[in-house]
Amino acid sequence: MTRGSEMLHLDYYLPQVFNLARIALVLIFAFISTRAMGRLFRGLRNYIVKMMLKAGSGNQSEIEKRVQTVSGLARKASFFLVWTVALIMILKELNFEIWPLVTGAGVIGVAVGFGAQSVIKDILSGLFLLMENQIRVNDVAVINGKSGLVEEINLRTTVLRAEDGAVHIFPNGAIQGLSNLTREYSYYVFNLSVDYKENTDHAIELLKEIAGQLQGEEPYHSAILAPLDVMGVDQLGDFAVLIKARFKTLPGQQWMIGREMNRRIKQRFEDAHIDMPFPTRTVHVISESR
């Protein structure tokens, strides 16, 4: 092989080697940047929580949920930006024409033609969810009739994990009904049925006594924010008198309090011989003589 041919081979392969080296550097830099930003966001999240607690901006649980939601979304957005820039740089190193793909009749024109309006609507709705503090990660919510734990809030979608483990994914722009069951505080509402022959005043006093004992014990004491609120005789039903009451609890703790309260009510009312009736049906069989 002549010296001239060797120079031609070097002139051909050397730029490619440099391109591959630059691509590797771009990938390494993007990876290091995302790792560093992940640590930065975690530290910043803890710092913001401490500052908001010091300023008295709310209770710790509410502050942590909101900061976690916003910081998680900002982290995902920054990761997306870093890797998008890295991809553009790599394509440029591979001699692809970038700008015609993202202008005019390129990606933007195709995206608008195939539903970018829906994507923009989802993103705007996601921003409003965050700015108005409607729901946060780790809230329990009902969205469009589906209930579950909020696992993710993204700019375009919200993810719920149902009690049976099913994952429900809602485009933010398609959310028509939203109920947050764990914002600031929660209530567990009791509808207690007692027989018509029972003394309702006695039943209410017994109910308050059970609630007082429950509130004096841990872990229930820490989860209950106020004494039992007895609203009184709520309804004269077909087969029983309904007494309504409620416990004010920390967000998400109402079910634990309610289950323990129900257990103690059944046990105590049975000991006190107070009947809690349930619907019955009497069937009369008439035999016809032949």
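Every number in this text was worked out from the coordinates using simple rules, so none of it is lab data. In this text the structure is predicted, and so the values were computed from the model without any measurement. Using ideal geometry, Cβ is built from the backbone for each residue, glycine included, and neighbour counts are taken over all protein chains shown.
The table below gives the values:
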read-out	value
Rounded Å value of the spacing that divides the Cα centres of the range 167-186 and the range 214-264	25
Loop chymotrypsin sites (Phe, Trp or Tyr not before Pro), the range 134-190, which have at most 13 other Cβ atoms in a 10 Å radius of their Cβ (DSSP)	none
10 Å beta-carbon shell around residue 159, net charge (K/R +1, D/E -1)	-1
Ascending count of other beta-carbon atoms within 10 Å, so fewest first, for 63, 153, 135, 28	28, 63, 153, 135
Under-5 Å amide H pairs with residue 157, H placed in peptide plane, nonlocal only	172
Summed side-chain charge close to residue 150 - residues other than residue 150 whose Cβ falls under 13 Å, Lys, Arg +1, Asp, Glu -1	+3
Within straight-line cross-link reach of residue 65, lysines at Cα separation under 19 Å, skipping those fewer than 8 residues along the same chain	50, 54, 76
Whole-number percent relative contact order across the range 186-271, with pairs defined as alpha carbons under 8 Å at least 6 apart	40
Total formal charge among the other residues, if their Cβ is under 15 angstrom from that of residue 82, Lys/Arg +1 and Asp/Glu -1	+4
Burial ordering of 168, 273, 221, fewest other beta-carbon atoms within 10 Å first	273, 221, 168
Out-of-range pairs (alpha-carbon distance over 22 Å; input 208/244; 197/266; 146/248)	146/248
Inverse of mean 1/r across different Cα pairs in the range 141-290, Kirkwood, Å	18.3
